[in-house]
Amino acid sequence: MAREACDKALVITVNGRRRAYKGPPFKRLLDVLREDFGLTGAKEGCGEGECGACTVLLDHAPVASCLVPASQAEGRRVDTVESLARSKALSPLQKSFMEEAASQCGICTPGILLTAWSWVKSGGSADPQAIREYLSGNLCRCTGYQSIVDAVVKTVRRSKKESLIRRQVSPHDYLPPRGGGK
Amino acid sequence: MRGIPASMKVFKAGSPAQALKLLADHPLAVPIAGGTDFMVAWNMGLLNEKSVLDLSGIREWTRVEETPSGLRAGALATHAELRDHPVVRRRFPLLAQACASVGSVQIQNRGTIGGNIANASPAGDTFPALAVYDARVSVAGRDGMRSIPFVDSFAGVKKTILGQAELISAVDIPFPSAKPDRQVFRKVGTRTSQAISKTVAAGLLWLGKGGIVKEMRFSLGSMAPTVRRLRAAEGYLAGRRLTPDVVDTAAQLLAKDVSPIDDFRSTAEYRLEVSRNILRSFLAPN
């Protein structure tokens, strides 16, 4: 419906929970998440969609939340890095990042975890080159990327084994590969 | 300076008719789709006190469908959707490659083909592909629809020939009459991801008996204020055999259709030489 969206509440499903945002519709999704919903996992790096630190999943797809006005997230599903761990238990992807030391200063990590999670979830392969390409919109100035790629490869390999016995879809389980992701 | 959300008025359209009505009523509202370029300027604080017409809710313009004669991509189809679409991958591989080279996964998931055209950047990565496939742009206006050749849809840097009350609704890409014998897509930037092109090329080549060129189509972006087809080289090559001399002449003729500049990304000389090399290697006998 055509309307002049003013201060009407926008409903966004964030990490599985329906939440209402009341404020200017052109506030960036990044700022709504951080300031209105108290989810500070997504970081602002460049503010130009180049660095990927603000990456969140919008209807499962990685997007730069600094380039999304809140009004365009209305009625949609948003997942942030806070959705990955289950209370204190890290997801297998996060565990792999710990094991491989794939995080140093940590600013890029939430965005990288979400892009990597969308890769794993959509059945992406363990091919390091394909993973590098998929992650190329996420900059890291500490690790040199090798440990990050190693962590994703490890997670994909584990997920392919796990998927034989598991079927449930959450960051703590794995989707069976569907040949997607690429 | 930053974007001040309270200063921005948002008009949301749910249908093409509504969008055109809202645009007529609010002629200063800037149409946005995925917003991947608009939001960068917004974040720099350059667009405060303005208004936007948000087209992203128009379902009719999101469809990508195969028609008997080609592919019709709604203006709101994202680069990711086109990149992964089976018909695009099979019949228009240069477009699939071009979409995969736009920005990053995050940008491909948001940026739309219609928005990319309306934005009219000289460096649009999908443009050379759309140009060699002879795409047409469907434009919706108050008096109905019109269709214009894609290559003629630009008036200059960041300018289309669209009227103030018009919006891009779809892009039509006809199937080539035969499978090309050679094809190339090549983006040259500082790095593969995120970089804005120094030059970007797409080419199709059909050969006849004895290696005679039936048809060659070649297009370059970032080499002029708007995307260009190499009409002089294309015309010259038709009916000729690709001998080293002929290839060399075609490479020289390339300059007739472009006017590269020096800027902070590259130099005119580099752009011209690299573009010639891409054309040369495309035409060189296998």
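The values are calculated or read from the model by the stated rules, or taken from the named source; none is laboratory data. If you're wondering where the values come from, they're calculated on a predicted model, not measured in any experiment. A quick note on method: Cβ atoms are made from the backbone with ideal geometry, for glycine too, and the neighbour counts reach across all protein chains shown.
Could you tell me whether B:Ile261 is under 24 Å from the mean Cα position of the chain (by Cα) and part of a loop (DSSP other than H, G, I, E, B)?
Values: under 24 Å from the mean Cα position of the chain (by Cα): yes; part of a loop (DSSP other than H, G, I, E, B): yes.
Against the criterion (under 24 Å from the mean Cα position of the chain (by Cα) and part of a loop (DSSP other than H, G, I, E, B)), B:Ile261 qualifies.
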Single condition B:Glu234 does not satisfy, out of (1) charged (D, E, K, R); (2) assigned to a strand (DSSP E or B); (3) buried (at least 17 other Cβ atoms within 10 Å of the Cβ); (4) out of contact with any Leu (no Cβ under 8 Å at 6 or more places or on another chain): (2)
For the stretch B:142-158, enumerate the residues that are surrounded by 11 or more Cβ atoms within 10 Å (Cβ to Cβ), of a type in the set (D, E, K, R) and over 13 Å from the mean Cα position of the chain (by Cα). B:Arg142, B:Arg146
Can you find even one residue in the stretch A:99-119 that is over 30 Å from A:Leu10 (Cα atoms), at pLDDT 95 or above and aliphatic (A, V, I, L, M)? yes
Pick from the stretch A:38-89, criterion more than 11 Å from chain B (Cβ to nearest Cβ) and among the hydroxyl-bearing types (Ser, Thr, Tyr), ranking: nearest to the chain's Cα centre (by Cα): A:Thr80
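Results for (1) surrounded by 15 or more Cβ atoms within 10 Å (Cβ to Cβ); (2) among the hydrophobic types (A, V, I, L, M, F, W, C), shown as yes or no for each residue.
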site	(1), (2)
B:Ser104	yes, no
B:Pro128	yes, no
B:Gly163	no, no
B:Phe175	yes, yes
Residue satisfying condition, being more than 19 Å from A:Ala130 (Cβ to Cβ) and under 18 Å from the mean Cα position of the chain (by Cα), within set B:Gly57, B:Gly103, B:Gly115: B:Gly115
If the Cβ limit is 9 Å and pairs must be 6+ apart or interchain, which residue in the stretch A:125-137 that is more than 9 Å from chain B (Cβ to nearest Cβ) pairs with which residue that is aromatic (Phe, Trp, Tyr)? A:Ser125/A:Trp119; A:Ala130/A:Trp119; A:Ile131/A:Trp119; A:Arg132/A:Tyr145
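Out of all the residues in the stretch A:24-37, which are assigned to a loop (DSSP other than H, G, I, E, B) and either facing chain B (nearest Cβ under 7 Å) or aliphatic (A, V, I, L, M) (or both)? Walk me through it before giving the result.
So in the stretch A:24-37, the residues assigned to a loop (DSSP other than H, G, I, E, B) come out as A:24-27, A:37.
If the condition is that a residue be assigned to a loop (DSSP other than H, G, I, E, B) and either facing chain B (nearest Cβ under 7 Å) or aliphatic (A, V, I, L, M) (or both), then A:Pro24, A:Pro25, A:Phe26, A:Lys27 are the ones that fit.
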Residues located in the stretch B:24-73, provided they are among the aliphatic types (A, V, I, L, M) and out of contact with any strand residue (DSSP E or B) (no Cβ under 6 Å at 6 or more places or on another chain): B:Ala24, B:Leu28, B:Met39, B:Val40, B:Ala41, B:Met44, B:Leu46, B:Leu47, B:Ile58
Within the stretch B:46-84, how many residues turn out to be farther than 15 Å from B:Gly115 by Cα, more than 10 Å from every other protein chain (Cβ to nearest Cβ) and among the small types (Gly, Ala, Ser)? 2
Quick one: how many residues across the stretch B:13-37 are within 16 Å of B:Ala118 (Cβ to Cβ), of a type in the set (Gly, Ala, Ser) and at the interface with chain A (Cβ under 9 Å from one of its Cβ atoms)? 4
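Hey, among B:Val10, B:Val40, which residue is assigned to a strand (DSSP E or B) and within 8 Å of chain A (Cβ to nearest Cβ)? Spell out how you get there, then give the answer.
Values: B:Val40 fails: assigned to a strand (DSSP E or B).
B:Val10 is the lone residue from the list that is assigned to a strand (DSSP E or B) and within 8 Å of chain A (Cβ to nearest Cβ).
Run down B:Lys187, B:Lys198, B:Lys209 and say which single residue is basic (Lys, Arg) and over 21 Å from A:Glu133 (Cβ atoms). Before the answer, list the steps.
Values: B:Lys187 fails: over 21 Å from A:Glu133 (Cβ atoms); B:Lys198 fails: over 21 Å from A:Glu133 (Cβ atoms).
Within the list B:Lys187, B:Lys198, B:Lys209, the selection yields B:Lys209.
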